[in-house]
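J.: Right, I'll just put the structure down here and ask away after.
Nothing in this text is a laboratory measurement; each read-out follows from the coordinates by a stated rule. On a predicted model such as this, the values are computed, not experimentally measured, just so you know. As a convention, Cβ positions derive from the backbone with ideal geometry for all residues, glycine included, and neighbour counts pool all protein chains shown.
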Amino acid sequence: MEPIRLKLQRAIERSKAAYGLYIRDKKYYQALRIKQANNEVYGLLQSFLYECKDSEIGVVHVYLFHLEDWFHQFEYLERNEPALESEFVFERFVDTPPFPKNILTILKITK
């Protein structure tokens, strides 16, 4: 496995683990874990975009757009200066790309 793919695999697994901890209670401190993990995924995806196969570019774009929209929503919700244990709920914006579940297959990432 190429190093960037291995890094992406681990970063995406971390993001998924953070989301798994968040989904039950949806607290701000839990969302901060997702933000940290997603920042890493975003940076790796930006680098991967210039190394990936032509057939992978589309899904990488969708994931980047999904994360950009997520970051904008996070920043908007954060303006209210929530307490760490406050509820912090995301709802995907209308007409924005969902998380591209097929990225894991395209990158040959399992789990």
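J.: Collect residues whose amide H, placed 1.01 Å from N in the peptide plane, falls under 5 Å from the amide H of residue 27; neighbours closer than 5 in sequence don't count.
T.: 88
J.: So which aspartates and glutamates can residue 108 reach, going by Cα to Cα under 18 Å and dropping same-chain residues fewer than 8 places off?
T.: 2, 13, 51, 54, 56
J.: Say the dipole of the chain comes from +1 at the beta carbon of Lys and Arg and -1 at that of Asp and Glu; which of 45, 3, 29 then lies farthest toward its positive end?
T.: 3
J.: Give me 78, 51 ranked fewest to most by other Cβ atoms within 10 Å of their Cβ, as a rough exposure proxy. Numbers along the way, then the final one.
T.: Working: 78 14, 51 11.
Arranged by neighbour count, lowest to highest, 78, 51 become 51, 78.
J.: Where does each of 7-18, 91-102 land if you order them by average Cβ count within 10 Å, highest first?
T.: Sorting 7-18, 91-102 by mean packing, highest first, produces 7-18, 91-102.
J.: Kindly provide the helix-only [θ] at 222 nm of the chain, computed as the sum of -39,500 (n - 2.57) over DSSP H runs of four or more divided by all residues, to the nearest 500 deg cm²/dmol? Numbers along the way, then the final one.
T.: On the way: 4 runs with 71 residues, N = 111.
Value at 222 nm, helices only: -21500 deg cm²/dmol.
J.: Relative contact order of the chain: what whole-number percent is it, with Cα pairs under 8 angstrom and at least 6 residues apart? Please list the in-between numbers first.
T.: Working: 91 pairs, mean separation 34.2, N = 111.
Reported relative contact order: 31 percent.
J.: Out of 84, 32, 49, any idea which swings most in a Gaussian network model of the chain, alpha carbons joined below 10 Å?
T.: The residue that fluctuates most here is 84.
J.: How compact and how long is the range 19-106, expressed as Rg and Dmax of its alpha-carbon atoms in Å?
T.: 14.1, 44
J.: How much net charge surrounds residue 30 when only other residues with a Cβ under 14 Å from its Cβ are counted (Lys, Arg +1; Asp, Glu -1)?
T.: Overall, the nearby charge balance is +3.
J.: So which aspartates and glutamates pass the test for residue 26, namely a Cα distance under 15 Å, with those fewer than 8 places away in the same chain ruled out?
T.: Hits, sequence-local ones excluded: 78, 85, 87, 91.
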